[in-house]
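The values are calculated or read from the model by the stated rules, or taken from the named source; none is laboratory data. As the structure is a prediction and not an experimental result, all values here were calculated from the model. As a convention, Cβ positions derive from the backbone with ideal geometry for all residues, glycine included, and neighbour counts pool all protein chains shown.
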Amino acid sequence: MRRKIVAGNWKMNKTPAEATVLVAALREALDGLSSVDVAICPPFTALPAAAEALRGSAIGLGAQNVHWEAAGAFTGEIAAPMLVELGVRYAIVGHSERRQFFGETDATVNRRARAALGAGLIPIVCVGETIQEREADQTRAVLERQVRAGLEGLSGDDWDRLVIAYEPVWAIGTGRTASDAQAQDAHAFIRGLLRSLAGPDAAGRIRIQYGGSMKPGNAAGLLAQPDIDGGLIGGASLAADDFAAIVRGGA
Ligand code: PEP
């Protein structure tokens, strides 16, 4: 039985002071809930404030990206050891906004995921097709390419720490959600790929989140699907009550 994991991707929202307020509200809204792993991924600048506000809480802290080198001349990037020192446990890698606006490729996603694992972080590796790819019946081909290339070179214990997020690009921030059946179909396909890459036992343990306009009203249905093991939540993670309602939908 896979334990569900729900993570909030705050994107480029919340100053450190605002993060402190939101974390306090989240702690209150999630009080008493322990059956689901929960994480929040604030912007880099709010990580120290969020870490402080999370002290003593089971809510995990995540970053929205991580560089593949441990240090060096990479202006504007953040290295895994810097995150580890702040108490960060997760790192989102290959979010579609990074792929679309910042030139992220399957190869760089792979380097980032491996660096995260090497530093003891849990990468949340995002994959998903655009609407054009779905309409051209390319969904499976795209997912296969992203999963194989993004996870190339992983081995052994890596598989037990990996989290994958299936995020159809057409559902992110659009209010348009994949149906339960569409999402389950993609998740089952990804799990099949993982069986061939990691073996059946490890594939059965890897958690695959759904992301894309997940809200309190649709979360329970999505989270009830056999291969959907949690959610990566954008917009709704900025409202404590909505985020908590989604988490409770998976409990
Ligand atoms: C995301 O950014 O990962 C996401 C799923 O966004 P939203 O929930 O707003 O669609």
Let me confirm something: among ALA236, ALA219, ALA203, which residue is touching a Lys or Arg at 6+ places or on another chain (Cβ under 7 Å), over 16 Å from ILE59 (Cα atoms), at pLDDT 95 or above and within 12 Å of the ligand (Cβ to nearest atom)? ALA236
Of (1) within 15 Å of the ligand (Cβ to nearest atom); (2) modelled with pLDDT of 95 or more; (3) surrounded by 21 or more Cβ atoms within 10 Å (Cβ to Cβ); (4) more than 14 Å from ASP229 (Cα to Cα), ILE172 satisfies all except one. Which? (2)
Listed residues ASP160, ASP242, ASP185; which is in a helix (DSSP H, G or I) and without any contact (Cβ under 8 Å) to a residue 12 or more places away in the chain? ASP185
Per the filter on the stretch 79-104, residues in contact with a strand residue (DSSP E or B) (Cβ under 6 Å, 6 or more places away or on another chain) and farther than 28 Å from SER34 by Cα are ALA79, GLY94
Residue check, ASP227 against (1) part of a helix (DSSP H, G or I); (2) closer than 25 Å to ALA113 by Cα; (3) away from the ligand (no atom under 15 Å from the Cβ), all met but one. Which one? (1)
Restricted to the stretch 119-149, and to residues that are within 16 Å of the ligand (Cβ to nearest atom), in a loop (DSSP other than H, G, I, E, B) and under 17 Å from LEU193 (Cβ atoms), which residue is farthest from the chain's Cα centre (by Cα)? GLU129
Would you check which residues across the stretch 206-216 are more than 8 Å from the ligand (Cβ to nearest atom) and either within 12 Å of GLN184 (Cα to Cα) or among the aliphatic types (A, V, I, L, M) (or both) and list them? ILE206, ILE208, GLN209, TYR210
